[in-house]
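The values are calculated or read from the model by the stated rules, or taken from the named source; none is laboratory data. These numbers come from a predicted model, not from an experiment. No Cβ is skipped: glycine too gets one built from the backbone with ideal geometry, and neighbour counts run over all protein chains shown. In case anyone asks, the SASA skips ligands and DNA or RNA and just uses the protein heavy atoms, side chains included. Shrake-Rupley method; radii C 1.70, N 1.55, O 1.52, S 1.80 Å.
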Amino acid sequence: MNIVITGASRGIGRELIKRYLNRANKIYAIARDEEKLKELKKISNKIEIISLDLANLDKVREVSKYLGDKEIDLVILNAAISLPHSPNFTPFEDFKRSFDVNFLSIHALLEYIVPSMQKRKRGKIVFISSLASLIASPTSLPYSATKRAINSYAQSLRNLLAKDNIKVINILPGFIKTDMTAKNNFYMPFLMELEDGVDRIQKAIEKNYKEYAFPKRFYYLIKLFTFLPLNLQDKLLQNLVK
Ligand SMILES: NC(=O)c1ccc[n+]([C@@H]2O[C@H](COP(=O)([O-])OP(=O)(O)OC[C@H]3O[C@@H](n4cnc5c(N)ncnc54)[C@H](OP(=O)(O)O)[C@@H]3O)[C@@H](O)[C@H]2O)c1
């Protein structure tokens, strides 16, 4: 099995690499941090490191072309940035960078991989969205928006590629202990250990769940919230802006 994983240097991506190492022929590990990538390379010669800033969309398209003839079986689109929560209107540059890294890079990376999967009539594409995609938080404008865009993209892609026997899986995790959450200075309900979170992500990938949100109790609370009248939702959300 040939696998591509973005956000490979830390957190969820790095843990996923460890989990898939046994079963993989080759893992293409994408991130920016050269030191962390070199450490990965030392673990196994099955890992090919690709140093890439996903905000550089032209470079991402070049990497996609390179991967297009590598017979990729599984792509895990895991990399993302989350700006610190802020009550201020997001500066344009930060907003653009979030969309480039979290969303546009996905289509750029898939540009040559999807046609190759279509030709071979096999493949699996995994998105790591977030429960944050279900609530449009006023203090994380770009993150919520990019993750909600992923939900839409994943559903479109799943139904576009069903005829080609390509599985598309969208995973919506709650809070997991990584560098991303370490910088949050607010209470994170149902915060999970990294291993626990990645266990669930891996299960969703293995079992071909079309969409998988976890932990369930947090997911149901959020769903309940989304059924409230919009006026009440807005009132509650406005409490987050101090
Ligand atoms: N942790 C959570 O609670 C949580 C909850 C819901 C969803 N998620 C999602 O899970 C995924 C992984 O999150 P995580 O918690 O593992 O985050 P993390 O520890 O902050 O790791 C993020 C990864 O993305 C890579 N990355 C960031 N910007 C990049 C760029 N411009 N170009 C290339 N790579 C870039 C980082 O590598 P470099 O810095 O080396 O480039 C790193 O490997 C994300 O999609 C996140 O939104 C996380």
In segment 181-190, the residues that are within 19 Å of ALA80 (Cβ to Cβ), of a type outside the set (S, T, N, Q) and open to solvent by less than 70 Å² (accessible area, probe 1.4 Å) | MET188
Positions within segment 100-119 being open to solvent by less than 10 Å² (accessible area, probe 1.4 Å) and among the polar types (S, T, N, Q), in sequence order = ASN102, SER105
What number of residues within segment 122-141 are away from the ligand (no atom under 16 Å from the Cβ) and within 19 Å of ALA79 (Cα to Cα)?
-> 1
Single match in ARG97, ARG158, ARG122 (criterion: touching a residue at least 24 places away in the same chain (Cβ under 8 Å) and surrounded by fewer than 16 Cβ atoms within 10 Å (Cβ to Cβ)) = ARG122
Does ILE12 satisfy being hydrophobic (A, V, I, L, M, F, W, C), closer than 21 Å to MET117 by Cα and either surrounded by fewer than 17 Cβ atoms within 10 Å (Cβ to Cβ) or near the ligand (Cβ under 9 Å from one of its atoms) (or both)?
-> no
Are any residues in segment 170-195 outside any strand (DSSP E or B), under 17 Å from the mean Cα position of the chain (by Cα) and either more than 10 Å from the ligand (Cβ to nearest atom) or of a type in the set (Ser, Thr, Tyr) (or both), and if so, which ones?
-> THR178, THR181, GLU195
Give the number of residues within segment 197-215 that are under 17 Å from the mean Cα position of the chain (by Cα) and either acidic (Asp, Glu) or open to solvent by 20 Å² or more (accessible area, probe 1.4 Å) (or both).
-> 10
Report the residue count in segment 24-38 for those that are in a helix (DSSP H, G or I) and open to solvent by less than 90 Å² (accessible area, probe 1.4 Å).
-> 2
Tabulated pairs, segment 49-70, first under 14 Å from ALA29 (Cα atoms), second part of a loop (DSSP other than H, G, I, E, B) and among the small types (Gly, Ala, Ser), C-beta under 8 angstrom, 6+ apart or interchain | ILE49/ALA8; LEU54/ALA79
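Does at least one position in segment 217-232 carry a residue that is in a helix (DSSP H, G or I) and within 17 Å of the chain's Cα centre (by Cα)? Lay out the reasoning, then the answer.
Going through segment 217-232, the residues in a helix (DSSP H, G or I) turn out to be 217-226, 230-232.
Then drop every residue that is not within 17 Å of the chain's Cα centre (by Cα), which leaves none.
Within segment 217-232, none of the residues are in a helix (DSSP H, G or I) and within 17 Å of the chain's Cα centre (by Cα).
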Within segment 1-23, the residues that are within 18 Å of VAL101 (Cβ to Cβ), assigned to a loop (DSSP other than H, G, I, E, B) and not aliphatic (A, V, I, L, M) are GLY7, SER9, ARG10
For segment 75-121, the count of residues that are β-branched (Val, Ile, Thr) and more than 10 Å from the ligand (Cβ to nearest atom) equals 5
